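Enquirer: Pasting a structure here, questions to come.
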Amino acid sequence: MTESEVTNGKAAPRVLATAVVPFGLLLTAAVVGPLRPPLLAALAIGWVVVRALSPRHATAWAATLPVAAILAWASVYGRDIPLGAAACSNPLSTIALSRVLEATGVLTIVVVLAFILRVRPADIGLRGADHGILAAAVGIAVLAAVGGLVIGPVLAAPFFGEVSFAMPAAAIVPALIFGVTNGVMEEVAYRGWLQSHLRPFVGAGGAIVLQGVTFGIAHAGPEVVGPLALHVAQMSAAGIVAGVFAQRFGLLPVIAVHIGADVALYFGLACSAAPP
């Protein structure tokens, strides 16, 4: 794709048309859980075939693969089952280990695709950040982790029912493992790879909105017992805000904040009472 095909940040209609099928398949995967594994396979096969026929049009297919892999993993692995106070303190708890395995696979896909397509880290937002911005992001991350533990149950109750969990000190280790792996994986896949590769097709604003909406829909799991539309809207808004900051400041500050939020999330997911 050449710069002449993108005017004022908006892609020409014929450029946008090349992205309709792969992005349509990705959105379908986000909405319809059982179809996620076969749609991941379809997107991967589509990328190989289109790249062989017209390499310049294959970028749209490659753009979807890391997020499609995240969706497929969630569909196959299923929801996170609470472990209880003792098991959630295990550094290799099933929830933490699952995220390590998932992140390893997804980030491997990103690295392989980046090598094949000659994409530099800076191209997907992995660049140095202003020290002041990064320090502020780390501070917000700490507040997100602490605040999430205090007010998280209240905020989560309308969507997930009554939430209560233990907070054993030893659980901070798997919580950090979970937070780092999940935060890095999701930010690189959504705000890094997907958003940067959507930009030539739908413009900067469209890329931010589309990845954010995909992010929101992807978090509409069976564990949501409250108003689903409101939950998706909130998660989509969070994804869009993260996309705006990633576009402006790069991925590192956004990753830091995401890690902080996911440290608190681990306690809610893992340290609740285990089912009988």
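The values are calculated or read from the model by the stated rules, or taken from the named source; none is laboratory data. None of the values given here were measured: they were computed from a predicted structure. Here Cβ is always computed from backbone atoms with ideal geometry, including for glycine, and neighbour counts include all displayed protein chains. Calculation scope for accessible area: heavy atoms of the full protein, side chains included, ligands and nucleic acids excluded. Shrake-Rupley method; radii C 1.70, N 1.55, O 1.52, S 1.80 Å.
Enquirer: Debye calculation, C-alpha points only, no solvent: report log10 I(q)/I(0) for the chain at q = 0.08, 0.10, 0.15, 0.17 Å⁻¹, in the same order as the q values.
Expert: Summing over Cα pairs of the chain leads to -0.33, -0.51, -1.14, -1.43.
Enquirer: Is the shape of region 173-240 rounded, prolate or oblate, going by the alpha carbon gyration tensor and its root eigenvalues a ≥ b ≥ c, with a/c under 1.5 for rounded and a/b larger than b/c for prolate?
Expert: Judged from the Cα gyration tensor, region 173-240 comes out oblate (a/c at least 1.5, b/c at or above a/b).
Enquirer: Also, quick follow-up: Just to confirm the number: angle between the C-alpha axis of helix 13-31 and the first principal axis of the chain, 0 to 90 degrees, nearest 10?
Expert: Rounded to the nearest ten degrees, it is 20.
Enquirer: What's the magnitude of the charge dipole for the chain around its Cα centre, counting Lys and Arg as +1 and Asp and Glu as -1 at the beta-carbon? Answer in Debye, nearest 20.
Expert: So the magnitude is around 680 debye.
Enquirer: How large a share of the accessible area of the chain, in percent, is made up of carbon and sulfur atoms when the probe is 1.4 Å and the other protein chains stay in place? Intermediate results must be reported in sequence, preceding the final value.
Expert: Working: 9610 of 13040 Å².
Result for the chain: 74 percent of the exposed heavy-atom area is carbon or sulfur.
Enquirer: Rounded, prolate or oblate: pick one for region 101-165, where a ≥ b ≥ c are the square roots of the eigenvalues of its C-alpha gyration tensor, a/c under 1.5 means rounded, and failing that, prolate if a/b is larger than b/c, else oblate. Numbers along the way, then the final one.
Expert: Values: a/c = 4.00, a/b = 1.66, b/c = 2.41.
It is oblate, given that a/c is not under 1.5 and a/b is not larger than b/c.
Enquirer: Determine how large the accessible area of residue 196 is when every protein chain is in place; take a 1.4 Å probe and give Å² rounded to the nearest 10.
Expert: Its accessible surface works out to 20 Å², give or take rounding.
Enquirer: Give the accessible surface of the chain per residue, rounded to a whole number of Å², with probe radius 1.4 Å and ligands, DNA and RNA excluded.
Expert: Numbers: 13040 Å² over 276 residues.
Result: 47 Å² of accessible area for each residue.
Enquirer: Let me check the size of region 67-180 from its C-alpha atoms; what are the radius of gyration and Dmax in Å?
Expert: 17.2, 48
Enquirer: Calculate how steeply helix 228-249 sits against the longest principal axis of the alpha-carbon atoms of the chain, using the helix alpha-carbon long axis, and give the answer as 0 to 90 degrees to the nearest 10.
Expert: Result, in degrees: 60.
Enquirer: Helix 131-160: angle to the longest alpha-carbon principal axis of the chain, degrees 0 to 90, nearest 10?
Expert: Orientation of helix 131-160: about 60 degrees from the principal axis.
Enquirer: Now, a different point. Report the net charge of residues surrounding residue 212, where surrounding means a beta-carbon distance below 15 angstrom and charges are Lys +1, Arg +1, Asp -1, Glu -1. Let's see the in-between values first.
Expert: Working: positive: 191, 199, 248; negative: 186, 187.
Once all neighbours under 15 Å are counted, the net charge is +1.
Enquirer: Which semi-axes, in whole Å and largest first, does the equivalent ellipsoid of region 171-212 have when worked out from the alpha carbon gyration tensor as the square roots of 5 times its eigenvalues?
Expert: They are 29, 8, 5 Å, listed largest first.
Enquirer: Could you compute the longest span of the chain free of GluC sites (Glu not before Pro) located in DSSP loops and having at most 15 other Cβ atoms within 10 Å, not counting the site residues?
Expert: Between exposed loop sites, the widest span is 1-161.
Enquirer: Please report, in debye to the nearest 20, how large the charge dipole of region 161-276 is about its Cα centre when each Lys and Arg carries +1 at its beta carbon and each Asp and Glu carries -1 there.
Expert: So the dipole magnitude of region 161-276 works out to roughly 360 debye.
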